[in-house]
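Before I ask anything, here is the structure I am working with.
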Amino acid sequence: MMNILNRRFRRLAKSFISIHLPGWLTAIFAVVYLNLFDNAPLWPIPVFLIMVLIMLSRHTDW
């Protein structure tokens, strides 16, 4: 029974991370980036999001 619960918890945790982590990482990056560099261009933020999505798609085992 514990094995089934552990597998279920791991599956839920992986799906939660893969769904919410790119947004959270991008938001944190945007806040830190814009606070550190006042007049910085905005184009690195979507580039960072694309890089995070690519990295997570390669390293997440389904």
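Since every read-out is calculated from the coordinates, none of them should be taken as a lab result. Values in this document were obtained by computation on a predicted structure and should not be read as measured data. All Cβ positions, even for glycine, are placed from backbone atoms using ideal geometry, and neighbour counts span all protein chains on display.
Is the chain rounded, prolate or oblate when judged by the Cα gyration tensor, a ≥ b ≥ c being the square roots of its eigenvalues, rounded requiring a/c under 1.5 and prolate requiring a/b larger than b/c?
Judged from the Cα gyration tensor, the chain comes out prolate (a/c at least 1.5, a/b above b/c).
Could you check the simple spin-label distance between Phe37 and Phe9, using points 7 Å along Cα→Cβ, in nm with one decimal?
Between Phe37 and Phe9, the label points sit 4.2 nm apart.
Moving to a separate point now. Could you give the nm distance between label points at Met2 and Ser57, where each point is 7 Å from its Cα heading toward the beta carbon?
Each label point is offset 7 Å from its Cα along the Cβ direction, giving 3.9 nm.
Let me ask you something else. With axes computed from alpha carbons, what is the tilt in degrees of helix 2-36 against the longest principal axis of the chain, rounded to the nearest 10 within 0 to 90?
Approximately 0 degrees, to the nearest ten.
Would you mind telling me which residue in Phe16, Phe29, Phe48 has the biggest mean-square fluctuation in a Gaussian network model of the chain, where springs connect alpha carbons within a distance under 10 angstrom?
Maximum fluctuation in the GNM of the chain, among the listed residues, is at Phe16.
Which of the peptides 19-25, 34-40 is most tightly packed, and how do the rest follow, going by the mean number of other Cβ atoms within 10 Å of each residue?
Going by the mean number of other Cβ atoms within 10 Å, highest first, we get 19-25, 34-40.
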